[in-house]
Amino acid sequence: MKQVISVADMKVSATPGEELITYALGSCLGVAIYDPEAKIGGMLHVMLPQSSIDKIKASENPYMFVDTGVRELFLACYKAGAEKSRLIVKVAGGAAIHTSMGSDHFQIGKRNFIMLRKLLWKNGVMLNAHDVGGDYSRTMILNISTGELKIKGNGKISTL
């Protein structure tokens with residue numbers, strides 16, 4: 001069974017055999033966290049680095065922004081029974097998709113990743129693995145039974 005995480009969305013699961021999947025991670029980030037003991041995982045597809053650019057949108061949908069969405073992802077996993085000390089954190093995306101057109105003026109992908117790293121560091125959480133940057137889109141798939149995270153992108157499939 002698969003749960004699809006849309007853009008600016010988040011899901012948490014403790015269902016054995018289930019997969020969380022998100023598509024089209026361009027400049028967006030896919031953030032996956034997993035507790036291997038409790039077998040609880042969560043995934044977030046976040047678009048922009050900071051909620052301060054639009055407080056109304058952030059209150060309507062905190063999953064749109066790194067600074068509010070990541071917080072909600074962690075809280076939802078804790079509520080499901082995950083523990084901070086056991087969490088494995090992996091991320092993909094953060095690409096510079098528009099470089100093929102000669103410009104990546106706003107550098108959203110890069111700024112998303114920087115904001116995520118600052119937020120994790122500030123909260124004493126390690127980033128275990130990442131597949132970010134480049135100029136191509138990615139798909140991220142988290143297996144809830146095993147914690148395996150697959151990344152599809154640029155014609156390749158890899159495991160983080």
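The values are calculated or read from the model by the stated rules, or taken from the named source; none is laboratory data. Bear in mind that the values here come from a model prediction, so they are computed numbers and not experimental data. With ideal geometry, Cβ positions are generated from the backbone for all residues, glycine too; neighbour counts draw on all protein chains shown. Accessible surface is based on the protein model in full, side chains and every heavy atom, while ligands, DNA and RNA are left aside. Shrake-Rupley method; radii C 1.70, N 1.55, O 1.52, S 1.80 Å.
Restricting attention to region 67-80, does a residue exist that is acidic (Asp, Glu), under 24 Å from residue 2 (Cα atoms) and in contact with a Phe, Trp or Tyr (Cβ under 8 Å, 6 or more places away or on another chain)? Taking every residue of region 67-80 in turn, at least one turns out to be acidic (Asp, Glu), under 24 Å from residue 2 (Cα atoms) and in contact with a Phe, Trp or Tyr (Cβ under 8 Å, 6 or more places away or on another chain). Residue 59 - would you say it is more than 15 Å from the chain's Cα centre (by Cα) and either polar (S, T, N, Q) or closer than 16 Å to residue 113 by Cβ (or both)? Criteria met by residue 59. Against the conditions (1) outside any loop (DSSP other than H, G, I, E, B); (2) open to solvent by 30 Å² or more (accessible area, probe 1.4 Å); (3) in contact with a Ser or Thr (Cβ under 7 Å, 6 or more places away or on another chain), residue 11 satisfies every one except (3). Considering only residues that are open to solvent by less than 40 Å² (accessible area, probe 1.4 Å) and either closer than 13 Å to residue 94 by Cβ or in contact with a Lys or Arg (Cβ under 6 Å, 6 or more places away or on another chain) (or both), which ones fall in region 133-160? Selection gives 133, 138, 139, 140, 141, 149, 151, 153. Residue count for region 109-160, restricted to those that are assigned to a helix (DSSP H, G or I) and without any contact (Cβ under 8 Å) to a residue 24 or more places away in the chain: 5. Is there a residue in region 75-82 that is of a type in the set (A, V, I, L, M, F, W, C), surrounded by 20 or more Cβ atoms within 10 Å (Cβ to Cβ), touching a Cys at 6+ places or on another chain (Cβ under 6 Å) and in contact (Cβ under 8 Å) with a residue 12 or more places away in the chain? For region 75-82, residues of a type in the set (A, V, I, L, M, F, W, C), surrounded by 20 or more Cβ atoms within 10 Å (Cβ to Cβ), touching a Cys at 6+ places or on another chain (Cβ under 6 Å) and in contact (Cβ under 8 Å) with a residue 12 or more places away in the chain: absent. Within region 83-103, being at pLDDT 95 or above and open to solvent by 70 Å² or more (accessible area, probe 1.4 Å) holds for 83, 84, 85.
Set side by side, the residues 42, 109 differ, and just one is at pLDDT below 95 and within 13 Å of the chain's Cα centre (by Cα), which is 109. Filter region 14-61 for residues that are open to solvent by 10 Å² or more (accessible area, probe 1.4 Å), among the charged types (D, E, K, R) and not in a helix (DSSP H, G or I); which is farthest from residue 84 (Cα to Cα)? Going through the qualifying residues, I end up with 54.
Given the criteria in contact with a Leu (Cβ under 9 Å, 6 or more places away or on another chain) and within 23 Å of residue 20 (Cα to Cα), does residue 68 qualify? Here the answer is no, as residue 68 does not meet what is asked.
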